[in-house]
Amino acid sequence: MQAVLQDIRYALRQLRKSWAFALVVVLTLAMGIGANTAVFSVMNAILLQLLPVSRPEGLTYVSMANGQGQAPGGWNTGDQSTSFTESTFEALRQRADVFEELVAYAPLSETGSVAVRYGEMPEESEGEEVSGNFFSGIGARIARGRGFSLSDEKSHAPIAVLSYDYWTRRFSRDPFILGKTLTVKGVPLTIVGITARGFKGVEPGNSTDFWIPLQQDIRLNAWGQTPDQTLYGNPKWWCLRMMARLRPGVSPLQAQQALAGPFGEDVTKVLGKIDPSQWKPLLDFIPARGIAGYSDAYREPVRILMGLVLLVLLIACTNVAMMVQARNTVRQREFSLRLAIGAGQRRIFRQLLAESLVLVSAGAGLGWLFALAATRMLTAWSGIESGLAPDRLVLLFTLLVSVGAALVFGLVPLWSAVHAPVAGVLRSTSNSTTAHRGRVLGGRIVLAAQMAVCLVLLMAGGLLLRTLRNYANQNLGLRTEGLLVFGITPQGQTETHVFYRTLLDRLRATPGVESISMAENRPGGGWSNNDNLILDGVEQKGASLRTNDVGAGFFRTMGVPILDGRDIREADAPNTPLIAVVNQTLAQRFFPHSTPIGHQIGHSHPATIVGVVQDSKYRSVDEDPRPMAYFAAMQAPSLGTMHIEVRTQGDARAMLPGMRKIVAQAYPDVPLEQPMTQQEQFEKSYEQQRMFAAMGGFFGIIAALLVATGLYGTHSFRVSRRTTEIGVRMALGATRMQVLSMVMRESLWILLAGLALGLPLTFAAISPLKSMLYQMSPFDPVSLAVAVAAMVAVATCAALLPARRAANLEPMQALRTE
């Protein structure tokens with residue numbers, strides 16, 4: 001142990017003497033290891049991470065098998081494959097021969113956020129209602145107080161359990177919080193427990209703040225739905241998500257077969273007999289690993305990014321290997337002298353190993369800090385609220401990568417250091433010791449391979465950044481400048497029409513408000529109502545209709561041009577004939593030679609079409625135009641959560657404090673839900689693409705910097721080793737331009753070799769990127785031209801400084817260096 005500490009102390013002294021070398025090596029390793037750790041954090045969270053509960057390996061999400069949705073004749077929440085009725089949950093939870101535990105849960109709103117008040121000011125927090133066995137069934141620990149019981153579920157007890165993070169953030173870890181009242185959507189609930197640190201719910205992509213038992217109170221209805229769809233009152237409503245812990249020895253296939261009968265009987269009892277060719281009562285049990293709902297969408301992009309970032313680590317490690325090799329060459333006389341006076345090869349090898357481990361340890365430590373900062377940015381870019389923070393598995397990955405970097409790339413150059421011919425090196429001087437021809441050629445091959453890999457990374461980054469540009473430059477069909485949007489949910493108000501009319505009048509009177517309206521689903525929010533398209537009582541086969549309930553003046557507020565007819569008006573009230581406005585796509589597809597105005601749309605309560613508006617984006621930026629109808633919100637029987645659209649005359653965000661104050665003064669329990677500009681809302685619809693584009697571009701820049709560093713270091717080292725040769729050449733008549741060309745020519749050959757190797761490699765490697773691109777080909781010539789130009793710039797800049805230094809050498813000074 002004493003010898004190891006001595007080696008480390010000596011290594012630190014040696015590295016302190018060569019601090020510039022040590023700094024470059026540590027930064028290079030930090031970029032390579034940190035980038036890999038950050039991407040692995042994303043992969044771990046989305047694909048690998050288990051829930052922080054006891055026995056997480058046995059938990060599964062319950063879903064419909066074979067990609068099916070709910071049975072025909074039922075209503076759903078938008079999650080057709082993962083939602084079930086309350087009666088199905090009751091029927092399946094009785095099967096103790098299949099399940100150790102079966103739990104149910106549902107969010108309290110479509111977005112998960114609901115109005116919460118503790119004290120004076122309301123706020124929005126994410127809440128779920130759950131079955132009584134929720135915490136005990138999944139194995140979530142309760143740090144303070146208690147969880148729920150089956151009696152709490154059956155009595156629909158007005159109690160709540162807080163997450164540790166919410167207790168910390170909102171209540172500053174108040175030790176006396178148990179027994180206090182938390183008002184949720186106007187309903188007072190008693191706080192009875194706090195979960196253990198780290199548990200944020202069973203949907204790690206969202207961080208749940210509190211849980212309550214399953215409720216009958218319509219104000220706490222699952223998904224925030226209006227009274228026509230309730231958890232216990234409507235047996236056709238598929239709204240509960242379920243998690244299961246199968247009994248030991250019961251496989252998912254056995255559970256599927258055992259439950260097909262009772263599941264089918266329960267559905268038939270409610271919906272009647274169903275044609276087996278249309279729907280089968282089969283369940284899947286998906287391991288609770290990663291982020292539910294994100295795995296399918298993120299799996300392939302994350303794997304592609306993991307491959308790209310491993311290339312970055314490869315470049316970083318080869319750079320370090322070349323720098324260590326160059327430093328060992330400079331120290332060859334030192335090694336030969338130590339061997340000559342009796343030092344063993346093992347002793348020198350151990351000393352050099354200590355230096356490599358010190359460098360790698362410092363690089364790994366800095367890389368870990370880099371990864372922590374990077375994952376915080378990735379969390380913001382991706383919209384994933386929890387799960388991306390590096391955990392023990394990520395730390396283990398970092399350690400393995402670091403050890404691999406030290407052993408594979410740090411030790412390879414050390415072999416030559418302890419096998420030098422002692423007599424030959426001692427007779428030569430440091431500057432006259434020339435590299436072996438094969439070693440020089442090997443170095444050039446490594447640099448050319450680095451440039452080839454860098455071209456792949458730059459091309460991938462360019463494609464992803466240009467894809468992001470395509471998203472950002474999409475024509476939305478509306479004006480987002482100066483447009484503010486936020487959600488409002490009536491809390492306990494029975495006359496919702498009066499509530500919204502009064503609220504809009506108050507907000508409209510605010511200075512700086514140009515116009516104001518509302519919508520059931522905010523544009524860009526990802527939600528939509530979908531139905532069969534029925535025109536004049538005839539169903540249009542193969543056509544679906546997207547709908548949205550909107551307020552008066554909606555299209556004027558949104559900046560959507562009206563092509564024919566009129567906008568929705570204040571006069572379109574409950575006691576007036578139902579009206580609708582349709583979009584351009586519907587009008588052109590079904591009324592190509594006439595106007596749709598005056599025709600009827602809808603089934604049970606058809607509305608008269610009174611206007612046609614230009615197509616505009618609804619769910620997301622990248623959607624294609626589809627038939628759509630807008631109905632007058634004030635003609636609906638009742639209104640739930642609505643999204644207020646405010647067109648302002650100045651900075652939209654600057655209006656938020658005033659809006660909050662007006663709403664709080666009139667309705668103390670009503671917060672502004674997810675307030676943001678309409679432009680920000682649309683940008684959220686391509687968060688995933690923005691995250692991957694930012695990462696791809698970042699990796700390309702890192703690769704270019706690493707390649708530039710490697711080229712610069714290599715050329716600088718070779719120029720310094722050829723000082724005498726350059727002096728002789730200039731003494732014999734070589735001009736400065738010839739010396740400059742000599743160095744630049746070597747860089748040019750490396751560049752050409754790198755491009756020759758990199759172009760076919762790039763075309764082969766970017767094909768998997770096709771699924772991540774939008775409105776462009778993976779063989780985009782602009783991206784390729786930019787990547788090649790960047791490589792030329794990198795090679796030129798990296799070689800130019802050493803070349804100029806060589807050209808500016810004074811011949812006599814160079815000859816005297818011996």
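The values are calculated or read from the model by the stated rules, or taken from the named source; none is laboratory data. Only a predicted model underlies this, so the values are computations on that prediction, with no experimental measurement involved. For neighbour counting, all protein chains shown are included, and Cβ atoms are generated from backbone atoms with ideal geometry for every residue, glycine included. The protein model used for the area step is the full one, side chains on, heavy atoms only, and it has no ligands, DNA or RNA in it. Shrake-Rupley method; radii C 1.70, N 1.55, O 1.52, S 1.80 Å.
Hey, could you check the stretch 207-233 for residues that are of a type in the set (Phe, Trp, Tyr) and out of contact with any Ser or Thr (no Cβ under 6 Å at 6 or more places or on another chain) and say which is most open to solvent (accessible area, probe 1.4 Å)? Across the stretch 207-233, the extreme among qualifying residues is TYR232. Look at (1) within 27 Å of PHE682 (Cβ to Cβ); (2) open to solvent by 50 Å² or more (accessible area, probe 1.4 Å); (3) modelled with pLDDT under 90; (4) not basic (Lys, Arg) and you find that PRO574 fails only one, number (1).
Taking GLY461 as the residue in question, decide whether it is in a helix (DSSP H, G or I), open to solvent by less than 10 Å² (accessible area, probe 1.4 Å) and not hydrophobic (A, V, I, L, M, F, W, C). Yes. Can you find a residue in the stretch 610-627 that is touching a strand residue (DSSP E or B) at 6+ places or on another chain (Cβ under 9 Å), within 21 Å of GLY551 (Cβ to Cβ), in a loop (DSSP other than H, G, I, E, B) and among the basic types (Lys, Arg)? Yes, the conditions are met somewhere in the stretch 610-627. Restricting attention to the stretch 177-206 and to residues that are small (Gly, Ala, Ser) and either within 21 Å of SER151 (Cβ to Cβ) or open to solvent by 20 Å² or more (accessible area, probe 1.4 Å) (or both), the residue that is farthest from the chain's Cα centre (by Cα) turns out to be GLY179. When the residues of the stretch 258-277 are filtered to those that are farther than 22 Å from TYR232 by Cβ and in a loop (DSSP other than H, G, I, E, B), the one that is least open to solvent (accessible area, probe 1.4 Å) is ILE274. Condition (residue is part of a loop (DSSP other than H, G, I, E, B), aliphatic (A, V, I, L, M) and either more than 34 Å from the chain's Cα centre (by Cα) or surrounded by 15 or more Cβ atoms within 10 Å (Cβ to Cβ) (or both)) applied to the stretch 588-608: is it met by at least one residue? Checking the stretch 588-608: at least one residue is part of a loop (DSSP other than H, G, I, E, B), aliphatic (A, V, I, L, M) and either more than 34 Å from the chain's Cα centre (by Cα) or surrounded by 15 or more Cβ atoms within 10 Å (Cβ to Cβ) (or both).
Identify, from the list PHE682, PHE717, the residue that is open to solvent by 10 Å² or more (accessible area, probe 1.4 Å) and assigned to a helix (DSSP H, G or I). Just a single option satisfies the conditions, and that option is PHE717.
LEU310 meets each of the listed conditions (1) open to solvent by 10 Å² or more (accessible area, probe 1.4 Å); (2) modelled with pLDDT under 80; (3) over 30 Å from VAL707 (Cα atoms) apart from (3). For first residues located in the stretch 19-44 and closer than 19 Å to GLN325 by Cα, partners that are of a type in the set (Ser, Thr, Tyr) and at pLDDT 75 or above and lie 6+ apart or on another chain with Cβ distances below 8 Å form the pairs VAL24/THR709; THR28/THR709. The residues listed here are ALA652, ALA580; of these, the one that is open to solvent by less than 50 Å² (accessible area, probe 1.4 Å), in contact with a strand residue (DSSP E or B) (Cβ under 9 Å, 6 or more places away or on another chain) and modelled with pLDDT under 90 is ALA652. Close contacts from the stretch 569-580, counting a first residue that is in a loop (DSSP other than H, G, I, E, B) and a second that is exposed (fewer than 12 other Cβ atoms within 10 Å of the Cβ), with Cβ to Cβ under 8 Å and a gap of 6+ residues or different chains, come to PRO574/PRO637; LEU578/HIS605.
Residue by residue, here is whether (1) within 14 Å of THR510 (Cβ to Cβ); (2) among the aliphatic types (A, V, I, L, M); (3) in contact with an Asp or Glu (Cβ under 7 Å, 6 or more places away or on another chain) holds:
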| position | (1), (2), (3) |
| --- | --- |
| GLN600 | no, no, yes |
| VAL613 | no, yes, no |
| VAL621 | no, yes, no |
| PHE631 | no, no, yes |
| MET634 | no, yes, yes |
| PRO637 | no, no, no |
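Within the option set MET43, MET31, being closer than 30 Å to VAL312 by Cβ, open to solvent by 20 Å² or more (accessible area, probe 1.4 Å) and either in contact with a Lys or Arg (Cβ under 9 Å, 6 or more places away or on another chain) or among the hydroxyl-bearing types (Ser, Thr, Tyr) (or both) holds for one residue only, MET43. In the set (1) surrounded by 17 or more Cβ atoms within 10 Å (Cβ to Cβ); (2) within 19 Å of ALA65 (Cβ to Cβ); (3) of a type outside the set (D, E, K, R), the condition left unmet by CYS239 is number (2). Can we say GLU514 is at pLDDT 90 or above and surrounded by fewer than 21 Cβ atoms within 10 Å (Cβ to Cβ)? Against the criterion (at pLDDT 90 or above and surrounded by fewer than 21 Cβ atoms within 10 Å (Cβ to Cβ)), GLU514 qualifies.
Conditions (1) in contact with a helix residue (DSSP H, G or I) (Cβ under 6 Å, 6 or more places away or on another chain); (2) basic (Lys, Arg); (3) in contact (Cβ under 8 Å) with a residue 12 or more places away in the chain, marked per residue:
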{"position": "THR608", "(1), (2), (3)": "no, no, yes"}
{"position": "GLY611", "(1), (2), (3)": "no, no, yes"}
{"position": "TYR618", "(1), (2), (3)": "no, no, yes"}
{"position": "GLU623", "(1), (2), (3)": "no, no, no"}
{"position": "PHE631", "(1), (2), (3)": "no, no, yes"}
{"position": "LEU639", "(1), (2), (3)": "yes, no, yes"}
{"position": "GLN649", "(1), (2), (3)": "no, no, yes"}
{"position": "PRO668", "(1), (2), (3)": "no, no, yes"}
{"position": "LEU672", "(1), (2), (3)": "yes, no, yes"}
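The number of residues in the stretch 84-133 being farther than 19 Å from LYS200 by Cα, assigned to a loop (DSSP other than H, G, I, E, B) and open to solvent by 10 Å² or more (accessible area, probe 1.4 Å) comes to 9.
Does ARG141 satisfy the criteria of being over 30 Å from VAL663 (Cα atoms) and open to solvent by 20 Å² or more (accessible area, probe 1.4 Å)? When the stated conditions are applied, ARG141 passes them. Report yes if GLN540 is within 28 Å of THR595 (Cα to Cα), in contact with a strand residue (DSSP E or B) (Cβ under 9 Å, 6 or more places away or on another chain) and either at pLDDT 90 or above or among the polar types (S, T, N, Q) (or both), otherwise no. Yes, satisfied. The residue list ALA795, ALA789, ALA765, ALA799 contains one member that is surrounded by fewer than 18 Cβ atoms within 10 Å (Cβ to Cβ) and among the hydrophobic types (A, V, I, L, M, F, W, C), which is ALA789. Taken as a whole, the condition of being β-branched (Val, Ile, Thr) and under 30 Å from ALA803 (Cβ atoms) applies to THR709.
For first residues located in the stretch 497-515 and of a type in the set (Asp, Glu), partners that are in a loop (DSSP other than H, G, I, E, B) and lie 6+ apart or on another chain with Cβ distances below 8 Å form the pairs GLU514/GLY482; GLU514/GLN649.
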